[in-house]
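Taking it in order: structure first as structure tokens, then the write-up.
Every number here is computed from the coordinates shown, using simple stated rules; none is lab data. In this text the structure is predicted, and so the values were computed from the model without any measurement. All Cβ positions, even for glycine, are placed from backbone atoms using ideal geometry, and neighbour counts span all protein chains on display.
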């Protein structure tokens, strides 16, 4: 099956036209207009430096429903110790930069400089968000992604100490569940996310759920303020949130 080559306008073919491995289209750019149009159709960019931009819609799709989050007893005990502080949208560029670094055993990264800058622009627009895990004043873990309607599209996460990215994700899911979010898109299956309750669903089911989630207003803006817990006062907007509060 030939891969669709994108025109200059932000137009994507139906996701059913993706190849067996999920590749749907080639080319285009990472402008905010095109990126947001892609996510609204269940499509995301994923490519390496030196390659053209590749757009994907895998089948099955790996997702985590907030009500299905699994937190082990050992992780609950870890969170109760409050050894990490969790913040939202306080160090977006630093989180993406940390995610950009190759993992052990990897030669490169799919988060190109062009992609990093594109998501930083979306963060400034209030669509891309980060969750940070801190030990004292040191950033030791976190994740980032895109939010539209009542779905969060997870892009990448990192940990410099054990459990840091899990703590960040658990804190995020708790806050999003309180606000009626219906799904976390994890894109591709990993054992790390499966251990937290993520599971594969058929692509067409994902697209149907996505359309329902997009019927709701997007929680656009600074999540440091918008995801504040009821017990947190406005004066605490810039203060870190403890992962042990949930």
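The distance between label points at residue 29 and residue 69 comes to 3.8 nm (points 7 Å beyond Cα on the Cα→Cβ vector). Helix 203-213 and the longest principal axis of the Cα set of the chain meet at an angle near 60°. Placing a label point 7 Å from the Cα of residue 19 along the Cα-to-Cβ line, the residues of the range 35-52 whose backbone N sits under 18 Å from it are 43-52. Estimated purely from DSSP H runs of n ≥ 4, each contributing -39500 (n - 2.57), the mean residue ellipticity at 222 nm for the chain is -8500 deg cm²/dmol once divided by its residues. Structural descriptor for the chain: relative contact order 24 percent, calculated from alpha carbon pairs under 8 angstrom and at least 6 residues apart. Tell me, rounded to the nearest percent, the portion of alpha carbon pairs in the range 4-59 spaced more than 12 Å apart. Percentage above 12 Å: 60.
When each of 81, 166 is scored by the number of other beta-carbon atoms lying within 10 Å, the sequence from fewest to most is 81, 166.
Relative to the longest principal axis of the Cα atoms of the chain, the long axis of helix 113-124 lies at roughly 60 degrees.
Counted by neighbouring Cβ atoms within 10 Å, the residues 157, 75, 125 run from fewest to most as 125, 75, 157. Counted residue by residue at 0.36 nm each, then reduced by the alpha carbon distance between them, the extension gain from residue 77 to residue 216 reaches 46.5 nm.
You can think of it this way: the chain between residue 161 and residue 9 has 50.4 nm of extra reach, that is 0.36 nm per residue less the Cα-Cα gap.
Among 170, 53, sorting on how many other beta-carbon atoms sit within 10 Å of each Cβ, with the fewest leading, yields 53, 170.
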